[in-house]
Structure formats: structure tokens, C-alpha cells
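The values are calculated or read from the model by the stated rules, or taken from the named source; none is laboratory data. Quick caveat: nothing in here was measured; it's all calculated off a predicted structure. For neighbour counting, all protein chains shown are included, and Cβ atoms are generated from backbone atoms with ideal geometry for every residue, glycine included.
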Amino acid sequence: MVVSILGSQIIGIIPLGDIVFYMTSFNLFMFAAALVFTFIIAISKTETQIEAEFGSLGDREIKVAKKEFKFRRFLAIICGLATAGAMVTGDLFDFTLFVCLIGIVNIGIVGAVKQVDVLDSAFQYGLIAMIASTPLFVGASLILAATGTISILAINSLTYTTPMMLFGSILLFLGVAGETGVAPFFATKAEMFRTPGSPFLLIIHLSSLLIIVRVIEILLIINKPF
Amino acid sequence: MILVPDVVSPVVVAIYAPAVFVGIIVALIGLFGISIEKNDLQVLILTDIVGVAMLIIVAAVGTDLAESLVLPGLVVELAEILAICEILMSREMRKTGKSVSLIPTPLNFDMEVLQTSPVFIAVILVIYGAFLSGFTGGAIAGGGILFYVMSLTVRGLPSDLWEGIAGASGIAWCLWLTGFLVLFVFPNYWLLGLMLAAFGVFIKVAFKAGLIGVMNREEFRKE
Amino acid sequence: MKSIGRFWNSLANPDRIPRFYALVLGIVLIAGFLIPIGLNDHQLYPRPEPQLQINAQDPLAPYDRGGVTFEQRGIVKAQYPQYLPAIGEITAYLSPIAMGVDHTTLYYGTSIYSSPGGLIDEILYYTRGFDTVLESSILMMAFVIASFIALNFTMRRED
């Protein structure tokens, strides 16, 4: 059994059958951070945007209706939990599923708005998320084909790296980049932030940040460049 | 006969590389289409081709694991297309200001069977679905509910009904989760866990299909 | 330098992003033709050669993994057998109805006539059950989003 991964000690594991969650101090910190932010977001209220009206002195308030507020809060909590899960999962395929869950929930958080521009970027983001699920799953399956396993702990103890694993890793990274919308694919997400309902939108940012950090850790484990 | 061999059979290993190449070619066709297509709806349909490429490459591994990975892949594609379609429709309606029908072609269900024996057929389907149980059973029972809802002649179902059905579906999801946890917390009661999961998925799938029926129902009477 | 700047500016338009992403992905996928692709034959959960069980007239073909309900466990080659105290039990389980069908027809395994959970799910339900939990969560979220938008926007279009 492996006791250290990328130089840090494994504190504990939660086995759910073949899908094993493992915790190092690094993962555990990110896991706790995701949960704390989810909690803060769950108890907070949405902002109210004030728009100046054109041609008059009046202001217009844009409020989020109660029903919409509840719906968004629910999706934001799910997004936070999925992020927390992706931080500690020790199974490559499980990780891709968590990322897909985050992707679809992100679409939902901004999907229920009335602005046409925002809806348009939500649609474009959804398209990228759909295309991105292909490199995500293909990357994981190529790594499975090359190594015979998708458990990160088992891959960690392998001694070889093949070009196929590298190719799979690049696809995996591309998939995560598309699903979370990082640069240079961020234009759709930037547009999405124009909608009211601020604290719930922040979880989209936080989740993509944490997921990118985590996927880099996973790629280092798979390819062992050092 | 060896039920489960130690290594993957040479037949599968031999066709792995060709299968992956086919998958890549399919993906390239889809991606090429996306990069030149201007119509948003067409792009949405083309992304499905890219999804098919994913299924080909995952299935090429040819183990039980690959088979169990194909299913989530398929579900993810379906789920995303479902959500994005709604967003596209919502956007188009706001943009044009016209009211667009949920189903583009006018469906005129003027069939005799919808008036004479809807309850009978629905009940038969639901009972047969319960008898099958599991995922397929859920789909069949859901078909029964869908059929019944479709055949109702009263205008419009209240959205409370929808919320009720959706709530039941959520409870079924919890049942599934409980069943799953039982498997690991009390491994000796695995049969209980299996049954909870099986009937959880049965209720869930049935109500999902039923929900589609409710959703369509709202539109059918509008004509 | 100017053209690079123009290129980055063009990326600020959300409409172009899916096309750009498709292009990048296409270029990366072409690399797949250049690297050696091969299947490692030591895989988890291997399955018998295609058509082998069907030719042997096995009613559960191609999903027969051995075992007798409540008596003998099925064969599952999992990654961590030490964490799986009840491994193989669910794989071997057939409901009474399923057993009846199994005795009457040779094609039980290929029909959709399934025992609880379905045959395919059952082989790996115990070992990789969390996948199904996540998968159904994804589907549920999609339904929640689609039905929320449909109920509040597409159907009540007056307001």
C-alpha cells in the first residue's frame, strides 16, 4: 500500500468499494476550503444590482425573486459539494464525473436569468461543456487502457510513463479547461457574471480555481515528471 | 469454459487501436462541423457527434469497467443536451419575443386509443415495469405514466402536480443513496442495499419519464 | 504583434469560443494518430472473449460471472478486494423472477428483462457504485435545471 503521494503523507482513506477517497494534508486543506465557502454561500443573501436609467434621474433595482434565489442557492450548494468531492477523490473517472457535475450546475446557476446576452453566453458555455466532456472521458479511458487501472493510488505506484498516458493527460487537462472555462476560453464566463445574484456566482469561480489546482496534482501523479 | 480470464482477450487488444482511430476520426468530423457552422441549433446537434466519438473510444477498452463507464458518459451527454436545449429555447423566446411552441411541429393526437383505454394501458405498463424493476422497469412504467398524462382530456395540469412528482423523484434518489451506503456500512445486509437501490432507480426513472409527459401535456392542449 | 492582439480580442466574443475550443481540440486529437496506441492487456474487471459465452449456450451470456445466489460468490477482479467484504455477492444474485426466466430461455443475458438494477449494473454495482450515484446526480441536476427553466420561463411566457 502506498503511504506517500507526491511527497506528502496520506493521512487517511475512505474506501467506497473500488473508489477510494484519499487525504493528504494538501487535499484535506482544499476540501475544507471548499466546504467552508459552500457554508458561507449557503447562509448568505444575494446582492441587489442598481442600474441607472437612461435619460432620467431614476435608478432601477434588479432583485432576484425568492423562487429563483432558492433555486440558485440549491445549485450553488451542490456545486460546492461536488468541488469538495473532487478534491479528495482517488479515482480518475470519479474525478471526471465530479467535474461534469460542476459544469452542468454552473450552467444552471446562470441559466435562469432574463438577460438575453447572459443567456447567450450561458448557451455558449454549455456548448463548450458538452464538447469538453469528450476529451475528459477519452483522456481518462486512454489512461485506463495504457495502465489497466484508474485508481490514482495505483497509478502512483507504477514506475513507467508511456506517450499514450501523456496524450491522455493532455486531453484530460483540455477537458477540465473547457468544463471549468479557464483561459483562453473564459469569455463566456466573464459575460455570465453580469447577471445579479452575486454570492452564488462566486462559487463558479472558486470551483474552477480549486479544480484546476487539483487536476494539475493529478497530472503530476500520472506523468511523474520529477 | 473460463468465465473470467486473467487478461483481456487478444481479439480485443488487436482491435483497440483501429477502434480508437475510428473514434478520433468521428470526433474530428464533429469538431470540424462545429468550427464552421454558424447556426446555434446545428452546433448543438453536432456536439452530439463528438459525444458519440467519446463513447467509441471508451468502449474500445472492452472490459466490464469500460461498459460501466459508457453509461455515465451517455448520461452526461444526455443531461447536458437537455439543460442546454431549455436555455437555447428560453434565449430565443426572449430575443424574438414570439411564443414558440415547446414541440415545433403541431402534434394532433386524435387517436381513438387515447380516449377509450388510457387507464388500462397505463396500468398494464406500470405493473409490468414494477415487475421488471430496475432501470428498464422504470423506463416502461414511466412510459405508462406518460401515456396516461398524454391522454387526459382536461386542459392543463396544475404545476403543483409537477412539483409533487419531482419531489417523489428526489426521495427516490435518497433511497438510492441510502442503498449505496448500506452496502459499505453494513456489508452483511447487501441484499437490502441492492433492493433499496433497485426500487430507488425504478421510481426515479418512472417519474422522470412521467415528468416529460406532464411537460408535453401543457403544450398539447394549446394548439 | 498586432495580429496576436487582434486574435486575443476576437476571443472576447462568446460566440467564437466554442469554435475556437473545437479547433484546439481537433489539433490535439490529430496527435493521436502519431503516438503509439495499444491496450495494456492487464486490465481490471476483464471479460471473456467476445461471443465465447454465447457460443457455449450460456443463458446469462455475455454477463455470466459465475456464482450461485446466496451460496457462491461471483468472480470480480477488483482493484482493492480488501475493502470489499461482500464482493461477488451482488454479481451472483438473481431475483426469483430472473431465475425463472434463466431456466426457460437461452437469451436472458441479452434481453433487457433484468433483475433489480439490471445485469450490467449489477456486475460492478458493488465495486463502482459511487459512479452511479454521481451519474444519477448529474441527470437529476439537468432535470432540475430544465424543468425550472421550462416551468418559470418557457411555459409562462406572458410575464
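Quick look at the values:
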{"item": "Scan of region C:72-82 for residues that are over 19 Å from the mean Cα position of the chain (by Cα) and assigned to a loop (DSSP other than H, G, I, E, B), ordered by number", "result": "C:ARG73, C:GLY74, C:ILE75, C:TYR80"}
{"item": "Qualifying residue in region C:61-71 (condition: without any contact (Cβ under 8 Å) to a residue 60 or more places away in the chain, aromatic (Phe, Trp, Tyr) and outside any loop (DSSP other than H, G, I, E, B))", "result": "no"}
{"item": "Qualifying positions in region C:47-82 - more than 7 Å from every other protein chain (Cβ to nearest Cβ) and among the aromatic types (Phe, Trp, Tyr)", "result": "C:TYR63, C:PHE70"}
{"item": "Residue list for region A:73-95, restricted to those being within 9 Å of another protein chain (Cβ to nearest Cβ) and out of contact with any Phe, Trp or Tyr (no Cβ under 6 Å at 6 or more places or on another chain)", "result": "A:PHE74, A:LEU75, A:ILE78, A:ASP91, A:PHE93, A:ASP94"}
{"item": "Candidate set: region A:94-146, residues that are of a type outside the set (Val, Ile, Thr) and touching a Leu at 6+ places or on another chain (Cβ under 6 Å); chosen: the one nearest to B:LEU28 (Cα to Cα)", "result": "A:PRO135"}
{"item": "Residue check for A:ARG194: at pLDDT 90 or above, of a type in the set (D, E, K, R) and either within 17 Å of A:PHE95 (Cα to Cα) or out of contact with any Ser or Thr (no Cβ under 8 Å at 6 or more places or on another chain) (or both)", "result": "no"}
{"item": "Qualifying residues in region A:134-164 (those that are away from chain B (no Cβ under 14 Å) and of a type in the set (A, V, I, L, M, F, W, C)) - the one surrounded by the fewest Cβ atoms within 10 Å (Cβ to Cβ)", "result": "A:LEU158"}
{"item": "Subset of region B:181-209 (residues that are surrounded by fewer than 23 Cβ atoms within 10 Å (Cβ to Cβ), farther than 14 Å from C:ILE87 by Cα and among the aromatic types (Phe, Trp, Tyr))", "result": "B:PHE199"}
{"item": "C:LEU134 being under 25 Å from A:THR89 (Cα atoms), modelled with pLDDT of 80 or more and not in a loop (DSSP other than H, G, I, E, B)", "result": "yes"}
{"item": "Those residues of region B:8-42 which are in a helix (DSSP H, G or I) and not hydrophobic (A, V, I, L, M, F, W, C), in sequence order", "result": "B:PRO10, B:TYR16, B:PRO18, B:GLY23, B:GLY30, B:GLY33, B:SER35, B:ASP40, B:GLN42"}
{"item": "The listed residue being more than 23 Å from B:LEU65 (Cβ to Cβ) and part of a helix (DSSP H, G or I), out of A:LEU220, A:LEU166", "result": "A:LEU220"}
{"item": "Criterion: buried (at least 19 other Cβ atoms within 10 Å of the Cβ) and within 7 Å of chain C (Cβ to nearest Cβ) - qualifying residue of B:VAL43, B:VAL50, B:VAL13, B:VAL7", "result": "B:VAL43"}
{"item": "Residue match in region C:96-115 (condition: at the interface with chain B (Cβ under 8 Å from one of its Cβ atoms), at pLDDT below 80 and surrounded by 21 or more Cβ atoms within 10 Å (Cβ to Cβ))", "result": "yes"}
{"item": "Failed item, numbered, when A:LYS70 is tested on (1) exposed (fewer than 15 other Cβ atoms within 10 Å of the Cβ); (2) over 20 Å from C:MET141 (Cβ atoms); (3) without any contact (Cβ under 8 Å) to a residue 40 or more places away in the chain", "result": "(2)"}
{"item": "Residue within region A:30-39 that is assigned to a strand (DSSP E or B) and in contact (Cβ under 8 Å) with a residue 24 or more places away in the chain present", "result": "no"}
{"item": "Check on C:LEU25, out of contact with any strand residue (DSSP E or B) (no Cβ under 9 Å at 6 or more places or on another chain), within 7 Å of another protein chain (Cβ to nearest Cβ) and farther than 18 Å from B:PRO10 by Cβ", "result": "yes"}
{"item": "Single match in C:PRO18, C:PRO85 (criterion: assigned to a loop (DSSP other than H, G, I, E, B) and either free of Cβ contacts under 8 Å to residues at least 24 places away in the same chain or within 11 Å of chain A (Cβ to nearest Cβ) (or both))", "result": "C:PRO85"}
{"item": "Boolean, A:ALA154 is part of a helix (DSSP H, G or I) and either at pLDDT 90 or above or of a type in the set (Ser, Thr, Tyr) (or both)", "result": "no"}
{"item": "Residue match in region B:89-103 (condition: within 9 Å of chain C (Cβ to nearest Cβ) and surrounded by 23 or more Cβ atoms within 10 Å (Cβ to Cβ))", "result": "yes"}
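Rundown of residues vs (1) under 30 Å from A:THR161 (Cβ atoms); (2) surrounded by 17 or more Cβ atoms within 10 Å (Cβ to Cβ); (3) at pLDDT 85 or above, yes/no style:
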position: C:ASN13; (1), (2), (3): no, no, no
position: C:TYR21; (1), (2), (3): yes, yes, yes
position: C:PRO36; (1), (2), (3): yes, no, yes
position: C:LEU60; (1), (2), (3): no, yes, no
position: C:ARG65; (1), (2), (3): no, yes, no
position: C:GLN72; (1), (2), (3): no, no, no
